[in-house]
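Okay, structure first, notes after.
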Amino acid sequence: MDKAFEPASRNEERRQAEWRKHLVLSRSFSRCTPLPWAHGECECVYWDTHVTAASDPERNVYRKGYRRRYLNWVKAFCESLDTDVDNALTKLSREGQCIPCLGRMIYECLVVEVEAPYAALLSTLPGLPNTRVTLNLEAPTDRAAIEARDSMRSGAIAALVISVKKMCERAYLKELVKVLNHGRKQNAAHQHLKFGRLHFNLITTEFTVSMLKQRAQTGTYKRAFQALTKNRPMDQWGNMDFLL
């Protein structure tokens, strides 16, 4: 198991490169506990190594695309790293957080944040032959759609907070707020099977400690999962296939 990581170099570019390696190279830097459902692998390692494990070749293509977009997001995240985010990551690492898992969970929260307003449209939209398009989607505003949106967003944050608390014995919400807000500011785009391209700059949420507390208390990922997977085919791949 990798020890707590703190970049020793005072050189800004080297520190950014070190964080990038720890956020990306799960096999080398994983610190989480191996999970029975992941065949004894750590969750972040399982996430990385089962990208092409689906029985459907097209789903493997989408999975590889999801991982590629994560890697691009990490690159932008680290190249624009400031002192506050550097300190937040260092604090979390010192307290026992698995940094590869953290990166994947933060990215997942941001994907859910940008997808959530349109979740109610899933059952009405066809799959796209090419997801590299930007659709002119209008977020529904009926009660059911808003409940699905809020459930997804709360569920994603609740899962993040629970995981960090389990690893670090505290949630470290101040540090998570800094990392989330920095993550959403990257010029990244999520490409969804039905929604097309959704740029992270659509995320107007300013994450705060009070918001994370509220979402963690009310959120359950089960409801968000159900909202996204309704009437959609799935293979088992941790919890992330529903984001495709």
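The values are calculated or read from the model by the stated rules, or taken from the named source; none is laboratory data. Source: prediction; values computed, not measured. Note that we place each Cβ from the backbone using ideal geometry, even for glycine, and neighbour counts take in every protein chain shown. Surface accessibility is based on the protein's heavy atoms, side chains included, excluding ligands, DNA and RNA. Shrake-Rupley method; radii C 1.70, N 1.55, O 1.52, S 1.80 Å.
Rundown of residues vs (1) free of Cβ contacts under 8 Å to residues at least 40 places away in the same chain; (2) farther than 24 Å from Tyr62 by Cα; (3) surrounded by fewer than 15 Cβ atoms within 10 Å (Cβ to Cβ), yes/no style:
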position	(1), (2), (3)
Leu135	no, no, no
Arg143	yes, yes, yes
Glu147	yes, yes, yes
Asp150	yes, yes, no
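Is it true that Arg63 is under 14 Å from His192 (Cα atoms), open to solvent by 50 Å² or more (accessible area, probe 1.4 Å) and either assigned to a helix (DSSP H, G or I) or not hydroxyl-bearing (Ser, Thr, Tyr) (or both)?
For Arg63, the condition - under 14 Å from His192 (Cα atoms), open to solvent by 50 Å² or more (accessible area, probe 1.4 Å) and either assigned to a helix (DSSP H, G or I) or not hydroxyl-bearing (Ser, Thr, Tyr) (or both) - is not met.
From the list Ala76, Ala17, Ala88, Ala54, the lone residue that is in a loop (DSSP other than H, G, I, E, B), of a type outside the set (D, E, K, R), touching a residue at least 60 places away in the same chain (Cβ under 8 Å) and open to solvent by less than 80 Å² (accessible area, probe 1.4 Å) is Ala54.
Quick one: in the range 20-42, which of the residues that are in a helix (DSSP H, G or I) and in contact with a helix residue (DSSP H, G or I) (Cβ under 6 Å, 6 or more places away or on another chain) is modelled with the lowest pLDDT? Once the filter is applied, the top-ranked residue is Ala38.
With Glu58, Glu13, Glu95, Glu43 as the choices, which residue is within 19 Å of the chain's Cα centre (by Cα) and not polar (S, T, N, Q)? Write out each step before concluding.
Details: Glu58 fails: within 19 Å of the chain's Cα centre (by Cα); Glu13 fails: within 19 Å of the chain's Cα centre (by Cα); Glu95 fails: within 19 Å of the chain's Cα centre (by Cα).
Step by step, each of Glu58, Glu13, Glu95, Glu43 is checked, and only Glu43 is within 19 Å of the chain's Cα centre (by Cα) and not polar (S, T, N, Q).
Among the residues of this structure, Ala158 counts as one that is open to solvent by less than 60 Å² (accessible area, probe 1.4 Å), closer than 27 Å to Leu71 by Cβ and in contact (Cβ under 8 Å) with a residue 60 or more places away in the chain.
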